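Report on one structure; see the data block that follows.
The values are calculated or read from the model by the stated rules, or taken from the named source; none is laboratory data. Just so it is clear, the structure is predicted and the values come from calculations on it, not from any experiment. So basically every Cβ, Gly included, is an ideal-geometry build from the backbone, and we count neighbours across all protein chains shown. Keep in mind that these areas ignore ligands, DNA and RNA; they rest on the heavy atoms of the full protein, side chains included. Shrake-Rupley method; radii C 1.70, N 1.55, O 1.52, S 1.80 Å.
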Amino acid sequence: MIIDRITRDLSGAAWIFARLPEDGSPAMYIHRCIQREVWSKEALGDRIIMRVALPFVPFILAVLVAVFTAINGRAIKKRTGKGLIRQIQEQIELAIRFAILPPWYYIFELHDDDKKLHAGEYLNRLETKGGLYRFLRDNNGGLPIPAERSTGSIKDKGRFRARCRAHGITTAPVFFNVAQEKITAVDWGLPELPALPELPERDLFIKPVHGQGGKKATRWDYLGSGQFRRNDGEVATGSQVLERLRHASRHAAFLVQPRLVSHCEIADLANGTLSTVRVMTCRNEKGEFEVTNAAFRMARNKLVVVDNFHAGGIAANVDISTGTLGRGTRGAWGATGDGWYEQHSETGAQIQGRKLPCWFELVELVQYAHGAAFSDQVVIGWDVALLDSGPCIMEANKAPDLDIIQRVEGVPLGNQRLGKLLAFNLMRTVEAQHAPAAGARKSADSSLGTQTEKP
């Protein structure tokens, strides 16, 4: 969130959005409302920072244009025929008009003239992760705020698993929780653990309880005779692995889980790593939760242990009505020179046109999970693995990045179904916030009228 706020301030978005036209579209409503209802009401210190950052905006823009044109410009010219000077002009124009900075000019492929016509409809992370999600979450989308919130269970992977299990939601098993130098059994048969228990004789996956984006996650393959090999090649005994974890847990908690394997029908796409589907669900006009978009993620390189898009992974759009994949692509950080893949770039496996197994079960699972265990969240981005046994929820994201969805779909979300639902929930939230003030004014007017009424 800190990075997204810095991006917001150094893009001048707070001032640019205030000048956008009110055209009645969901996208423009979101842009204008975030500026008016969230950013303009930030703490005094934040508003001062926004103003102080303004003089630096042209300099930052010039640097970003130079960097990302150098990274992508020649590849885009070769692919589309659009020259470097024209790309530079368009980046500056979109930054001034819509606060779309150069990385997103390339991520969203706005060098395509047809896409550029709809530039104002894209939902940029500087507004979603930089205010929209928090505003909707804190106010429960305009509905009464429950006494018990699920937000803490989303942030903490251990609590997330416990909450899901309490509602019968399929999640990945956990052998141990390692925190503050203490090892606690979770899904483990022993009633009491020794000071340093033995690791199960199977492949393992270890990740931080509060980690994001797959950072500091490791895979340990079981070699036999009590030894494990980490994904970087290091070999250690189970006792050594646990001892290192216990030492590291002074600063961060970890989960020890079995290494899960993708469904046999998509194993060739997984490239040795568990592939997951990022699925978006959002509260709709009926108070129900519906799937609006999805993207399938694959590891590009066998050496990595996660499939995250921002870790260099490949993503492909999923047709939510059929579970069919579109073309694959990379480019999460604005480096989009290698374009699109119909086949996996390393394994050669066909991506485009593949149908995901257990798709409709996955849709039912995330919709049930949102409504049953996390109904106080307006929008959630789910990470779901497809196993031979069926769909399994790995994580939930309370502030999901929309870059991956908008890139793989090739269209902006602002006026699509998700944008319409976000605008609906945003409008209801604003109306709920203003209702008490309107009621107080009406009461005051009524009282004033009574006092001045002639006998």
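Can you name every residue in the stretch 196-227 that is in a strand (DSSP E or B), of a type in the set (A, V, I, L, M) and open to solvent by less than 30 Å² (accessible area, probe 1.4 Å)?
Across the stretch 196-227, the qualifying residues are L204, I206.
Looking at R283, R229, which is the one that is among the basic types (K, R) and under 18 Å from the mean Cα position of the chain (by Cα)?
After ruling out the rest, the residue left standing is R283.
For the stretch 133-181, which helices (runs of 4 or more DSSP H) that fit wholly inside it have 1 or more residues that are under 29 Å from R244 (Cα atoms) and in contact with a strand residue (DSSP E or B) (Cβ under 9 Å, 6 or more places away or on another chain)?
151-155, 157-166
Please enumerate the residues belonging to the stretch 268-286 that are surrounded by fewer than 19 Cβ atoms within 10 Å (Cβ to Cβ) and either under 19 Å from Y222 (Cβ atoms) or in contact (Cβ under 8 Å) with a residue 12 or more places away in the chain (or both).
Result: D268, G272, N284, E285.
D376: at pLDDT below 95 and surrounded by fewer than 22 Cβ atoms within 10 Å (Cβ to Cβ), yes or no?
no
Going by the conditions given, is R278 within 30 Å of N425 (Cβ to Cβ) and either in contact with a strand residue (DSSP E or B) (Cβ under 7 Å, 6 or more places away or on another chain) or assigned to a loop (DSSP other than H, G, I, E, B) (or both)?
Yes.
Please determine, by comparing only the residues of the stretch 309-364 that are outside any loop (DSSP other than H, G, I, E, B) and of a type in the set (F, W, Y), which one is most open to solvent (accessible area, probe 1.4 Å).
F360
Filter the stretch 8-19 down to residues that are under 14 Å from E93 (Cα atoms) and not hydroxyl-bearing (S, T, Y), then give me how many there are.
The qualifying residues number 3.
When residues of the stretch 391-421 are filtered for being touching a strand residue (DSSP E or B) at 6+ places or on another chain (Cβ under 7 Å) and part of a helix (DSSP H, G or I), how many remain?
Total satisfying the criteria: 8.
Can you pull out every residue in the stretch 87-116 that is open to solvent by 50 Å² or more (accessible area, probe 1.4 Å), assigned to a helix (DSSP H, G or I) and either in contact (Cβ under 8 Å) with a residue 24 or more places away in the chain or in contact with a Pro (Cβ under 6 Å, 6 or more places away or on another chain) (or both)?
Of everything in the stretch 87-116, those that are open to solvent by 50 Å² or more (accessible area, probe 1.4 Å), assigned to a helix (DSSP H, G or I) and either in contact (Cβ under 8 Å) with a residue 24 or more places away in the chain or in contact with a Pro (Cβ under 6 Å, 6 or more places away or on another chain) (or both) turn out to be I92, I96, R97.
Please give the number of the condition T273 fails out of (1) part of a strand (DSSP E or B); (2) in contact with an Asp or Glu (Cβ under 7 Å, 6 or more places away or on another chain).
Looking at each condition in turn, T273 falls short on (1).
Working only within the stretch 241-263, note down all residues that are within 23 Å of the chain's Cα centre (by Cα) and aliphatic (A, V, I, L, M).
Answer for the stretch 241-263, where residues must be within 23 Å of the chain's Cα centre (by Cα) and aliphatic (A, V, I, L, M): A252, A253, L255, L260, V261.
I'd like to check something: does the stretch 54-63 contain any residue that is closer than 24 Å to K420 by Cβ and either modelled with pLDDT of 95 or more or open to solvent by 30 Å² or more (accessible area, probe 1.4 Å) (or both)?
Here is the first cut: in the stretch 54-63, the residues closer than 24 Å to K420 by Cβ are none.
No, that holds for no residue.
Could you please find all residues in the stretch 5-45 being surrounded by 15 or more Cβ atoms within 10 Å (Cβ to Cβ), closer than 22 Å to P55 by Cα and without any contact (Cβ under 8 Å) to a residue 60 or more places away in the chain?
If the condition is that a residue be surrounded by 15 or more Cβ atoms within 10 Å (Cβ to Cβ), closer than 22 Å to P55 by Cα and without any contact (Cβ under 8 Å) to a residue 60 or more places away in the chain, then I6, D9, L10, A14, W15, Q35, E42 are the ones that fit.
With the condition kept exactly as written, say whether any residue in the stretch 238-252 is open to solvent by 60 Å² or more (accessible area, probe 1.4 Å), part of a loop (DSSP other than H, G, I, E, B), in contact (Cβ under 8 Å) with a residue 12 or more places away in the chain and not basic (K, R).
no
Could you grab me the full set of residues in the stretch 300-343 that are in contact with a Phe, Trp or Tyr (Cβ under 7 Å, 6 or more places away or on another chain), modelled with pLDDT under 90 and farther than 28 Å from P102 by Cα?
Selection gives nothing.
Looking only at the stretch 75-85, filter to residues that are without any contact (Cβ under 8 Å) to a residue 24 or more places away in the chain and not hydrophobic (A, V, I, L, M, F, W, C); which one of those is most open to solvent (accessible area, probe 1.4 Å)?
So the residue we want is K78.
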